[in-house]
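Visitor: Pasting in a structure now, in structure tokens, and then I'll have a few things to ask.
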Amino acid sequence: MNQSGKWFRKVKIQRHSIKRDYDPKGYRLSEVFGLGTAFALLLLFFLPTELSSTTRTTIFLVSLCLIYWARMTVFLFFVKSHHYYNKWMTIQNMPNRIILIRHGQSMGNTDDTIYSRVPDNQVELTALGKQQSLAAGVKIRELIGDETVRFFVSPYKRSLQTFEGIIAGGRFDSKRYTMREEPRIREQDWGNFQEYEQIQKCRAERRKFGSFYYRFPHGESGADVYDRVDSFWGSIQREFAFHHCLENFVLVSHGITCRMILMRYFKWTIADFHQLWNLENAQIVILNRDKNGKYCLATTLRRN
């Protein structure tokens, strides 16, 4: 067999294997339908008839074309049914709502100079921040009741403390929730130990340059945060498609990161992002799922 013949045979085998793997039931039924009809026509072709051989040949060839068309129609019907079933199952697997919450008030929110002494990831909540976390837990529990919930938590200490406060305040049953640390929803990196005067200068430059594009020395830009949030959303969507999710997702994160998550999902522009204010400490944002599997913003956000 020459090279072109081998290539044609390989393409033909791949085409049939794709159909067979995509919808095995539809593939088998279409094959049985096509082969059974072809066999019946062959019997009719060889039976005695008053028609001329040319007429019988023409009818036979037209019949074969109709068989192939009918066979593909049956197959495509099952393919479409399979597609809509998968879409319906994906929607059923999605959580009823996604809840975003910014960490409670931290020591960094009350004292900017702490970042020159304490690593950003080790900054703790204030007493007020702990109270805010407990109150947030009560609100979330009132919202979801006894439904199951999965928490995605930034590994920063203030976020972990907020999560602990939510669990304590809402009195969540340990059998009704799971928790995963998720580094991709951490705070924007402003550098390592931050000199106060240098950071104030950077903040002034960022206001002129635009917070989405401005990169802190030895740190990240807003665009960098967006990139890892985009990766995180990709993982979430794969969970929707291949796993039965819990009834609620709660993301415990940071101000700019929450804005990036909303920007990514709703496909907001950079101008929209710049008009949006950071969430308040321990503020809750709710996204409810509709019947089509889309999430709708149920919380009014503060904008310029």
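The values are calculated or read from the model by the stated rules, or taken from the named source; none is laboratory data. Fair warning: this is a prediction, and the values are worked out from it, not measured in the lab. All Cβ positions, even for glycine, are placed from backbone atoms using ideal geometry, and neighbour counts span all protein chains on display. Just the protein is used for accessible areas: all its heavy atoms, side chains included, with ligands, DNA and RNA removed. Shrake-Rupley method; radii C 1.70, N 1.55, O 1.52, S 1.80 Å.
Visitor: Could you tell me which of the residues ILE256, ILE286, ILE261 is touching a residue at least 12 places away in the same chain (Cβ under 8 Å), outside any helix (DSSP H, G or I) and closer than 22 Å to VAL153 by Cβ?
Guide: Values: ILE256 fails: outside any helix (DSSP H, G or I); ILE261 fails: outside any helix (DSSP H, G or I).
Only one candidate passes the filter, namely ILE286.
Visitor: So in segment 229-253, with the set limited to residues that are of a type in the set (S, T, N, Q) and in a helix (DSSP H, G or I), which one is least open to solvent (accessible area, probe 1.4 Å)? Working first, answer last.
Guide: As a first pass, look at segment 229-253 and keep what is of a type in the set (S, T, N, Q): 231, 235, 237, 248, 253.
Going one step further and asking which of them are in a helix (DSSP H, G or I), we end up with 231, 235, 237.
Working: SER231: 53, SER235: 22, GLN237: 88 Å².
Result: SER235.
This table checks each residue for (1) touching an Asp or Glu at 6+ places or on another chain (Cβ under 7 Å); (2) part of a helix (DSSP H, G or I); (3) closer than 20 Å to THR257 by Cα; (4) not acidic (Asp, Glu).
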{"residue": "ILE91", "(1), (2), (3), (4)": "no, yes, no, yes"}
{"residue": "GLY104", "(1), (2), (3), (4)": "no, no, yes, yes"}
{"residue": "GLY108", "(1), (2), (3), (4)": "no, yes, yes, yes"}
{"residue": "ILE114", "(1), (2), (3), (4)": "no, yes, no, yes"}
{"residue": "GLY129", "(1), (2), (3), (4)": "no, yes, yes, yes"}
{"residue": "LEU160", "(1), (2), (3), (4)": "no, yes, yes, yes"}
{"residue": "ALA168", "(1), (2), (3), (4)": "no, yes, no, yes"}
{"residue": "MET179", "(1), (2), (3), (4)": "no, no, yes, yes"}
{"residue": "GLY191", "(1), (2), (3), (4)": "no, no, yes, yes"}
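Visitor: Looking at segment 145-164 only, could you name the residues that are open to solvent by less than 10 Å² (accessible area, probe 1.4 Å) and touching a residue at least 60 places away in the same chain (Cβ under 8 Å)? Spell out the reasoning first.
Guide: Keep residues of segment 145-164 that are open to solvent by less than 10 Å² (accessible area, probe 1.4 Å), which gives 149, 151-154, 158-159, 162.
Those that are open to solvent by less than 10 Å² (accessible area, probe 1.4 Å) and touching a residue at least 60 places away in the same chain (Cβ under 8 Å): VAL149, PHE151, PHE152, VAL153, SER154, SER159, THR162.
Visitor: Can you spot a residue in segment 181-198 that is among the hydrophobic types (A, V, I, L, M, F, W, C), in contact with a Lys or Arg (Cβ under 9 Å, 6 or more places away or on another chain) and farther than 16 Å from HIS254 by Cα?
Guide: Keep residues of segment 181-198 that are among the hydrophobic types (A, V, I, L, M, F, W, C), which gives 185, 190, 193.
Keeping just the survivors that are in contact with a Lys or Arg (Cβ under 9 Å, 6 or more places away or on another chain) gives 185, 193.
Cutting the leftovers down to farther than 16 Å from HIS254 by Cα gives us 193.
Yes, segment 181-198 contains a residue that is among the hydrophobic types (A, V, I, L, M, F, W, C), in contact with a Lys or Arg (Cβ under 9 Å, 6 or more places away or on another chain) and farther than 16 Å from HIS254 by Cα.
Visitor: Here is a follow-up. Starting from residues that are open to solvent by less than 10 Å² (accessible area, probe 1.4 Å) and touching a residue at least 40 places away in the same chain (Cβ under 8 Å), keep the ones in segment 126-143 and report whichever is farthest from MET179 (Cα to Cα). Spell out how you get there, then give the answer.
Guide: Step one: of segment 126-143, the residues open to solvent by less than 10 Å² (accessible area, probe 1.4 Å) are 129, 133, 136-137, 140.
Narrowing the set further to residues that are touching a residue at least 40 places away in the same chain (Cβ under 8 Å) leaves 129, 133, 136, 140.
Numbers: GLY129: 21, SER133: 16, ALA136: 17, ILE140: 15 Å.
It comes out as GLY129.
Visitor: Another one. Could you tell me which of the residues TYR226, TYR213 is in a loop (DSSP other than H, G, I, E, B) and among the hydroxyl-bearing types (Ser, Thr, Tyr)? Write out each step before concluding.
Guide: Numbers: TYR226 fails: in a loop (DSSP other than H, G, I, E, B).
Exactly one of TYR226, TYR213 is in a loop (DSSP other than H, G, I, E, B) and among the hydroxyl-bearing types (Ser, Thr, Tyr), namely TYR213.
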